[in-house]
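Have a look at the structure below, then the notes.
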Amino acid sequence: MNVTPRVREILSYYESNNPGTKANLARLLMQGRLGGTGKLVILPVDQGFEHGPARSFAPNPPAYDPHYHFQLAVDAGLSGYAAPLGMIEAGADSFAGAIPTILKLNSANSLSTIKDQALTGSVADALRLGCSAIGLTIYPGSEHAYDMMEDVRELAEEAKEAGLAVVVWSYPRGGVLSKEGETALDVCAYAAHMAALLGAHIIKVKPPTAHIEQDEARKVYEKAKVGFSTPAARIAHVVQACFNGRRLVVFSGGAAKDLAGLYDEARAIRDGGGTGSIIGRNSFQRPREEALQMLDTIIKIYLGQA
Amino acid sequence: MNVTPRVREILSYYESNNPGTKANLARLLMQGRLGGTGKLVILPVDQGFEHGPARSFAPNPPAYDPHYHFQLAVDAGLSGYAAPLGMIEAGADSFAGAIPTILKLNSANSLSTIKDQALTGSVADALRLGCSAIGLTIYPGSEHAYDMMEDVRELAEEAKEAGLAVVVWSYPRGGVLSKEGETALDVCAYAAHMAALLGAHIIKVKPPTAHIEQDEARKVYEKAKVGFSTPAARIAHVVQACFNGRRLVVFSGGAAKDLAGLYDEARAIRDGGGTGSIIGRNSFQRPREEALQMLDTIIKIYLGQA
Amino acid sequence: MNVTPRVREILSYYESNNPGTKANLARLLMQGRLGGTGKLVILPVDQGFEHGPARSFAPNPPAYDPHYHFQLAVDAGLSGYAAPLGMIEAGADSFAGAIPTILKLNSANSLSTIKDQALTGSVADALRLGCSAIGLTIYPGSEHAYDMMEDVRELAEEAKEAGLAVVVWSYPRGGVLSKEGETALDVCAYAAHMAALLGAHIIKVKPPTAHIEQDEARKVYEKAKVGFSTPAARIAHVVQACFNGRRLVVFSGGAAKDLAGLYDEARAIRDGGGTGSIIGRNSFQRPREEALQMLDTIIKIYLGQA
Amino acid sequence: MNVTPRVREILSYYESNNPGTKANLARLLMQGRLGGTGKLVILPVDQGFEHGPARSFAPNPPAYDPHYHFQLAVDAGLSGYAAPLGMIEAGADSFAGAIPTILKLNSANSLSTIKDQALTGSVADALRLGCSAIGLTIYPGSEHAYDMMEDVRELAEEAKEAGLAVVVWSYPRGGVLSKEGETALDVCAYAAHMAALLGAHIIKVKPPTAHIEQDEARKVYEKAKVGFSTPAARIAHVVQACFNGRRLVVFSGGAAKDLAGLYDEARAIRDGGGTGSIIGRNSFQRPREEALQMLDTIIKIYLGQA
Amino acid sequence: MNVTPRVREILSYYESNNPGTKANLARLLMQGRLGGTGKLVILPVDQGFEHGPARSFAPNPPAYDPHYHFQLAVDAGLSGYAAPLGMIEAGADSFAGAIPTILKLNSANSLSTIKDQALTGSVADALRLGCSAIGLTIYPGSEHAYDMMEDVRELAEEAKEAGLAVVVWSYPRGGVLSKEGETALDVCAYAAHMAALLGAHIIKVKPPTAHIEQDEARKVYEKAKVGFSTPAARIAHVVQACFNGRRLVVFSGGAAKDLAGLYDEARAIRDGGGTGSIIGRNSFQRPREEALQMLDTIIKIYLGQA
């Protein structure tokens, strides 16, 4: 199929990457119901690692089965599916060719007392499992932030050479950051910008709040007279921080919430020029039919139909 | 999208390969108008190397431009496009994500006096260019056949580890083979079987004639009382020789010929259970509109509509 | 011999692994008196490293001899035998072909003050010693947990490429975990799930108690109204946490205990859908005849005969 | 074009380096309006990493776009452009051949609580992106200074072998240094000298103040009766500390300031024999036309025309 | 400086290459008096290897000195200078930054009895010497042609990864080729096409004669009714064979000849759409002033001024 003009335009932003990486970005951007629009809705299932299996899957027990998530992503017409090694290994053969996958190469867990992540997969794993991209998390602000950035540097270089795309989850935490500061507008935009500077192709951050954490940033915002009162305006600022829209940026839904809240968030992402949603717990912790209905509405929102 | 049951069945034949390789086979099998049927029509453009540019492209001068072939393969709804390094490099970025590509890793030319091929690309090239498969030619019968087989061994191993598929062009020539023997039924089946034994995922041979080259083979054929009088029966024998249908086998059209001949050949491939056609000169040496019409008919033949 | 349908089904869960790894899993699953049932009883002898030789072997002095354990595993009709490098080296030749072995690649000892393990073997060791699998321990919760996970990542990748299976001992300890929390249901299920996410083929955890360590998990358990009052129900939850039964999970017997307790535990593992027992001190600290009798009963329990 | 005698002279100072490194130094020294004079004005854009995107780019929003900076450097007739990986990747293809680039290989950020930098790029990245030099920051005085110096050692060695030049940002901070001491004359000269000793080709420091941090240094200065009352005299001392002028040394402008101050600083650098300016925020935080006018004046100052 | 639109267009043809390679192509295309026009005149000095020093340099003894050639290329305003290792090593430092260089990585000599070339340099040499490109010769038709092509494959891959450009000298000889056939139109176009297929960025061939060597090719030429009676038409056919103009193709002057013949040849190259001339013996075997005058006229021809 011909790649759409909008997707061609997006690929042109990744001007220094080889055709292999662009083809894998195209795979994500041409997949599912949003295929060709330049928008993405991705299913991530790393919550089992982050919060344990019961907190992740007990609300909807079929989700204990790795195949459930592959099938959900396919049936909902999503753009891709992201998970750690074991989850991908458990379904990559059954779903070969069905959905682009993103192999999460590092993982944290809530039994840990340190703000770091363990490497739990490799670029060679991503190739043998047929993944389109690798994914890595960094915690800007953490005392381990530089180690995590160096992991990104090394693995992203290897992935790009092998024609894979690179997704960076940038979640500020630790150090001098307040809890509120972790999702503050200035911090969120900063975290997204650093992921772009590290060479990420797709950046994942949390939707920013109206809180401003750093005094220096507040002064600049006030001086530049930019209004960040609406969620869409805040999304637009994060998009701007990602090379003025030259990098794809998706926003996580965070903890399970009510549908109206989710839909409003998606509309804000759309109206602010964000690339889309990466929506895990809100997808797989609902019964399958409800999840499909919810994802249908979110896709319609990105298609401008809801 | 869900991969069709027929494609799932075919992928199950490649049971020892990793999901990456299966995903790339799925890409070829789910692409274009034959996507999902288990049939393939592939455009190969290595004739420039084999016969020189004028003999290849002068009949239809727009074909001198590498982009022409990518676009033809996309517009005709083909399954994939195969070519040597330079041709793929010249369009892989413009057509990233548009069509699965097969990087031909060895090439011969008609200025050469030896029945061998030069390595002209690598698995790393295939990865950086976003190819789904590597392709290699062997000349069973040639004094260089074992060297070429050893190249297949080494590069196929590397490709499979990296999640790529492997296509082997198996063209008997040289040694004790008569010219007629190069396409003899027994020799063709033998060549296809050796490609399967070398670990090829997709095997490309020429449609066999009714000639039998080897006396020993003739005796067996006669004893087993198998009739090979029709082209479809001969195709069926080659398919049988490819692990009883567990390997995909495509047939080349050879030199440009009249349309009726081409269509009859495609029907014989279809009726004999072959996977499809790999059709170069007959595609790109015609004016584009004629080529599209011809490929449309061939696709319809494989779809059982012509 | 034909592999049984049940074992074939289990092997199919390891869909992304190569036939070498599956063959080694099949070796474990087709060995001994439980061969073909999908159940496993494994003899581990790493207690010498963990607790010193006297605490391990003085109760039954013949057990100081490495050959004792190989012979016990063979004579009892067990599925496999796991031990560190020196123990395997001391008997691998005499017992070559007699029993599948698992080379424990890391080891801790009770003279150490840190909650970590030393690497004490390699994948190359496992291959030269004819082992079917490598084994590694992680301590989720420990400040060294991420380093241990990264060892699993690296060595499991290497083992899988070489066609070996991977067994992960997942023993929570350290950090914020209370002593009681180390075997809490939520923590145990979490530890098992992380081993699955790291790509383990066989997961070894301790049988969970009814204690719940994390408040967040308790809320989920209560909300989901799942009863975990019986040992079998708790085992079933751990099995669920291992990809809904797509991963083999064996439970250790822990400290030597009375026979009734051991048998009840095995019945709970069986009734909860666990794969079986990995039973060290309770085997080799008894006189050989008593041990054989005990293992006979446990095997009968898994066979549904006791 | 012939390289000018002045540039030939400068290249002769790098007598132990290979012609590749000299050619890349020549590229920087022959580029733009100062080409051939031995003077340099470089645009660095690493402030997004250091201070976040809003503090860096909100004052002049077009600067959020990476192409903006490449174009500004070209249009202003500068000598080179320095930035971290993502910024270079986002424009290296569009501006291939237009301006020498310096890939910043390490980066710090103001969310971090430690005085270190993360490695965020490689020499291989610099080669594939067509850069003329790598850049690295060290923090003499910091508890991490030796790690950073060791990074310089390793990466500079690799870069020199590949024919690239090496730029070192030497910014004293941490340890026993007072805030005022970070720009003290003795400390600044010391920091510059250490960069030279580490093998840097181009050294970047802040313009020194008249403050003397170390008592030992003050004694020496007094004994030697050298006057450092004027900015030009202090620049001359730093130049002297850089192998008596055998190493190129550029000075940063620091925070945005008024034009008169900037011009005075440039005149002091010129009069003290410094190589030139590396001027980031003062360039890209002004509207483009103002920035071009300012850079025009600065270049004229170095040309002796203002 | 901004790269011209014409050069940007040419760079876009190398769509699969990294920015480093494009920057080096830009260096060649922006250098000298033809800088920015898309035309190239290159000085090659490998004749000492090919024919010995006396036959190469005795007609103009100052040319024995390697510096002579660097200076000639600079003073004549040429695009680049190509030579084997020793010649480049002997001047690369003195002329660092003055002229883009092409390191010839293989070399033949007239004392040899085989139609092959020896590898005499490496990609690492090219980097340490600051070269913009590597150069390799192949002899299509020779019994060693495939070995030479395999050298191109390996070294071109390495060069492209390091951001260098690749120039291939494609000189048919040996095997079934007649002496006249070595410069036959069909053979020349074929040789150029194979260099393009091998992934060359710049292709160097001899200007084709009106002779047609292969019967098969003659038939195609006649059938396609293309007239190749004029030198310009023949050049145009070779350009067409180089991916329809998507690859730069330069023509050698061959043996020293009279000025009128040289100028006519350059006009034919220009009128046929060739990229330019690579002109060795005709440059350095004349006295310097005559050579400069001749090169001035040739450059004017490419500028459309003569």
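The values are calculated or read from the model by the stated rules, or taken from the named source; none is laboratory data. This structure is a prediction, so every number in the text was calculated from the model and none was measured. Positions of Cβ are backbone-derived with ideal geometry, glycine not excepted, and every protein chain shown enters the neighbour counts. In case anyone asks, the SASA skips ligands and DNA or RNA and just uses the protein heavy atoms, side chains included. Shrake-Rupley method; radii C 1.70, N 1.55, O 1.52, S 1.80 Å.
Annotations for the structure displayed:
- Just the protein heavy atoms count here, and of the accessible area of the stretch C:45-145 at 1.4 Å, carbon and sulfur take up 56 percent.
- When the helices of chain E are scored as -39500 (n - 2.57) per DSSP H run of n ≥ 4 and the total is divided over every residue, the value at 222 nm lands at -12500 deg cm²/dmol.
- Whole-percent carbon and sulfur share, accessible surface of the stretch C:267-306, 1.4 Å: 42 percent
- With both residues required to sit in the protein assembly as shown, DSSP beta bridges show an antiparallel share near 5%.
- Three semi-axes describe the equivalent ellipsoid of the stretch A:147-306; taken as square roots of 5 times the Cα gyration tensor eigenvalues and ordered largest first, they are 25, 22, 15 Å.
- When you restrict to C-alpha pairs under 8 Å that are six or more residues apart and normalise by the size of chain C, the relative contact order lands at 17 percent.
- The accessible surface of the stretch C:217-264, taken with every protein chain in place and a 1.4 Å probe, is 57 percent carbon and sulfur.
- From the Kirkwood radius over Cα pairs of the stretch B:105-236, Stokes-Einstein at 20 °C and 1.002 mPa s returns a whole-number translational diffusion coefficient of 137 µm²/s.
- In sequence order, calculated HN-Hα J values of the stretch C:47-62 (Karplus, 6.51, -1.76, 1.60; Hz; x Gly/Pro): 5, x, 5, 5, 10, x, x, 5, 4, 8, 10, 4, x, 8, x, x
- Among beta bridges that DSSP assigns inside chain D, antiparallel share in %, nearest 5: 5 percent
- Annotation: amide H of C:ASN17 has no partner in the under-5 Å range at sequence separation 5 or more or interchain, hydrogens built in the peptide plane.
- Between copies, B:ALA224 shows label-point distances of 4.5, 5.6, 7.5, 9.4 nm, shortest first, with the point placed 7 angstrom from Cα along Cα to C-beta.
- Cα-based Kirkwood hydrodynamic radius, the protein assembly as shown, one decimal, Å: 35.2 Å
- Cα gyration tensor shape for chain D, rounded if a/c is under 1.5, else prolate or oblate: rounded
- The D and A chains share an interface that buries close to 3400 Å² of accessible area, total over both sides, probe 1.4 Å.
- Heavy-atom accessible area per residue - the protein assembly as shown, 1.4 Å, Å²: 33 Å²
- Efficiency of FRET from Cβ geometry, B:VAL226 and E:VAL176, R₀ 51 Å, rounded to 0.05: 0.75
- Our summary gives the stretch E:1-123 a relative contact order of 23 percent, counting only alpha carbon pairs under 8 angstrom and 6 or more residues apart.
- 10 Å Cβ neighbours from other chains, averaged over peptide B:10-21: 5
- For the stretch A:206-221, Karplus couplings with θ = phi - 60° (6.51, -1.76, 1.60), whole Hz, Gly/Pro x: 8, x, x, 8, 7, 5, 10, 8, 9, 4, 4, 5, 4, 4, 5, 4
- Shape category assigned to the stretch E:51-144 from the gyration tensor of Cα positions, a/c cut at 1.5: oblate
- A cut-off of 5 Å between modelled amide H atoms, ignoring neighbours fewer than 5 places along the same chain, links E:LEU40 with E:GLY276, E:SER277.
- Out of every Cα-Cα pair that the stretch C:1-77 contains, those further apart than 21 angstrom amount to 44 percent.
- Phi angles of the stretch D:223-228 translate, via the Karplus equation with coefficients 6.51, -1.76, 1.60 and θ = phi - 60°, into HN-Hα couplings of 4, 7, 6, 8, x, 10 Hz per residue; Gly and Pro are given as x.
- For the rotation carrying E onto C, the chain E residue whose Cβ lies nearest the axis, with the distance in whole Å, reads E:GLU161, 12.
- For E:GLY280, distant residues with modelled amide H under 5 Å away: E:GLY253, E:GLY254
- Relative contact order, percent, the stretch B:60-101 [alpha-carbon distance under 8 Å, six or more residues apart]: 44 percent
- The chymotrypsin sites (Phe, Trp or Tyr not before Pro) found in the stretch A:235-271 include none that occupy coil by DSSP while having at most 12 further C-beta atoms within 10 Å.
- Taking the label point 7 Å along Cα→Cβ, C:LEU259 and its counterparts in the other copies are spaced 6.1, 8.8, 9.9, 11.4 nm apart, in ascending order.
- Note on the stretch E:142-185: semi-axes of the ellipsoid equivalent to its C-alpha gyration tensor, largest first and rounded to whole Å, are 27, 12, 4.
- At 1.306 mPa s and 10 °C, Stokes D of the stretch A:110-157 from Kirkwood alpha-carbon radius, µm² per second: 134 µm²/s
- Prolate/oblate/rounded call for the stretch B:226-291, Cα gyration tensor, a/c under 1.5 rounded: prolate
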